[in-house]
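The values are calculated or read from the model by the stated rules, or taken from the named source; none is laboratory data. Not measured: the values here are computed from a predicted model. Neighbour counts are summed over all protein chains in view; Cβ atoms, including those assigned to glycine, are modelled from backbone coordinates with ideal geometry. Side chains are part of the model used for accessible areas, which takes the heavy atoms of the whole protein and leaves out ligands, DNA and RNA. Shrake-Rupley method; radii C 1.70, N 1.55, O 1.52, S 1.80 Å.
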Amino acid sequence: MTGLLPEGFHDRLPPSADAAARVEGRVLGVAHGYGYEQVDPPLAEFAEALASRLKAGGMRDAVRFVDPVSQQTLAIRPDITAQVGRIAATRMAHHPRPVRLSYAGPVLKLRASQLRPERAMRQIGCELIGLDSVAAASEVVRVAVEALRAAGVEGIAIDFTLPDLVDTLAGDSLPAAKLAELRERLDGKDAGGVAAIAPEYLPLIEAAGPFDAAMAKLRGIAALASRLDGLAAVAASLPGDVALTLDPTERHGFEYQSWIGFSIFARGVRGEIGRGGSYAVVHEDGREEPAVGFSLYADPILDAGIGGGERRRLFLPFGTDAAKGAELRAEGWVTVAALEADDTPQAQLCSHVLGADGPEKVG
């Protein structure tokens, strides 16, 4: 017997697990206020169906196994977005568009990265299915920012990207193999590699940086005018204290996004805490439906100590009347009743004890 867990897995203990529930509740509360109703898909599904639900995939990091009942290959979800897309395209295909859905649950990745060693994580998010317009994207990004602030996250920064920019500009001018290589070089900011393939794309590397400066550099590319207008409108809809940057060729983590993508960061939190953008949901008949959404990662937020709050526990001495405990809980107290006469507030990790005149701070 051992208390060890596999690499990339972890327990979340009190009070951190309580903080996780608090963060999740606040995020979903804001989403609900905007009309995003919650769905709760299963942890695993048929792998083939799940992998084909989003255009360009998105199931590369899924853990797969053979179901002993159906003898078919199942996948444990590495991301909940594809499942929400399935629900919208099947069970809720009759629902008027756009359909707004929210979710929260665990995800599991086949392998972790050096920057993020966790394989099991908690994901919270919203998907707006049926539109990927500027108005839809603006709403989704605003909901993400407001939800994070409600959860106690401060110093929010958003890094925008244009995931299919290179494909749009290239058209049919480059063979598929060269285009794939160009994407990799641009994603890695390899100026020498880009120059060797298509030097006309070098300005895209130079455009990465603070949002306004980057937009000014990209405005010289006439083919991007309407797309940049849309991106500018999305950015303008956000609160002025949100820091904005733009990396037009960033594709890592945006394998299935289309015209807009974004990563979310916050002061004092390691790495990104969320990601989103526009994409396409594939229906049973092959029809593609536009969508836009975001996913938040609770673990880095909690690891930064956000969402904790004061741990107030009121100790009820042995024999305290049950009605008194109910009255105190109605007032907002967390009560811990002594079940033995020699129990103490200290043993039960209580901050307060019920005295003759009411709750008293434990000395």
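Overview of results
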item: Residue tally, condition in contact with a Gly (Cβ under 8 Å, 6 or more places away or on another chain) and not β-branched (Val, Ile, Thr), over the range 155-180; result: 4
item: Selection within the range 195-216 - in contact (Cβ under 8 Å) with a residue 40 or more places away in the chain and not in a helix (DSSP H, G or I); result: 207, 208
item: Which listed residue, of 253, 307, 274, 261, is of a type in the set (Gly, Ala, Ser) and surrounded by fewer than 22 Cβ atoms within 10 Å (Cβ to Cβ); result: 253
item: Candidates 110, 131, 148, 101, filtered to the one that is at pLDDT 95 or above and open to solvent by 10 Å² or more (accessible area, probe 1.4 Å); result: 131
item: Near pairs, Cβ below 8 angstrom, 6+ apart or cross-chain, from the range 172-194 (without any contact (Cβ under 8 Å) to a residue 60 or more places away in the chain and under 19 Å from residue 255 (Cα atoms)) to any residue that is open to solvent by 40 Å² or more (accessible area, probe 1.4 Å) and assigned to a helix (DSSP H, G or I); result: 179/167
item: Among (1) closer than 17 Å to residue 294 by Cα; (2) in contact with a Phe, Trp or Tyr (Cβ under 9 Å, 6 or more places away or on another chain), the one test that residue 98 misses; result: (2)
item: Filtered residue count, the range 223-250, keeping only those that are open to solvent by 50 Å² or more (accessible area, probe 1.4 Å), under 23 Å from residue 185 (Cα atoms) and out of contact with any Ser or Thr (no Cβ under 8 Å at 6 or more places or on another chain); result: 1
item: Only one of 31, 89, 49 that is under 19 Å from the mean Cα position of the chain (by Cα) and not basic (Lys, Arg); result: 31
item: Boolean, residue 330 is of a type in the set (Gly, Ala, Ser), at pLDDT 95 or above, open to solvent by less than 10 Å² (accessible area, probe 1.4 Å) and over 17 Å from residue 21 (Cβ atoms); result: no
item: Failed item, numbered, when residue 118 is tested on (1) out of contact with any Leu (no Cβ under 9 Å at 6 or more places or on another chain); (2) open to solvent by 40 Å² or more (accessible area, probe 1.4 Å); (3) over 29 Å from residue 210 (Cβ atoms); result: (2)
item: Positions within the range 218-244 being assigned to a helix (DSSP H, G or I) and aliphatic (A, V, I, L, M), in sequence order; result: 218, 222, 223, 224, 225, 228, 231, 232, 233, 234, 235, 236
item: Scope the range 1-48; condition of a type in the set (Asp, Glu) and either modelled with pLDDT under 95 or closer than 30 Å to residue 71 by Cβ (or both); matching residues; result: 7, 11, 18, 40, 45, 48
item: The listed residue being more than 28 Å from residue 308 (Cβ to Cβ), aliphatic (A, V, I, L, M) and open to solvent by 10 Å² or more (accessible area, probe 1.4 Å), out of 191, 170; result: 191
item: Close pairs (9 angstrom Cβ cut-off, 6 or more residues apart or separate chains): under 12 Å from residue 315 (Cβ atoms) and in a strand (DSSP E or B) in the range 328-348, open to solvent by 90 Å² or more (accessible area, probe 1.4 Å) and of a type in the set (A, V, I, L, M) anywhere; result: 336/349
item: Residues satisfying the stated conditions in the range 255-290, i.e. hydrophobic (A, V, I, L, M, F, W, C), under 24 Å from residue 24 (Cα atoms) and in a loop (DSSP other than H, G, I, E, B); result: 269, 273
item: Whichever residue in the range 155-167 is modelled with pLDDT under 95 and open to solvent by 10 Å² or more (accessible area, probe 1.4 Å) and, among such residues, is nearest to residue 77 (Cα to Cα); result: 164
item: Of the criteria (1) without any contact (Cβ under 8 Å) to a residue 60 or more places away in the chain; (2) hydrophobic (A, V, I, L, M, F, W, C); (3) in contact with a helix residue (DSSP H, G or I) (Cβ under 6 Å, 6 or more places away or on another chain), which one residue 87 fails; result: (3)
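Here is a yes/no grid of residues against (1) under 28 Å from the mean Cα position of the chain (by Cα); (2) over 23 Å from residue 244 (Cα atoms):
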{"site": "163", "(1), (2)": "yes, no"}
{"site": "172", "(1), (2)": "no, yes"}
{"site": "194", "(1), (2)": "no, yes"}
{"site": "225", "(1), (2)": "no, no"}
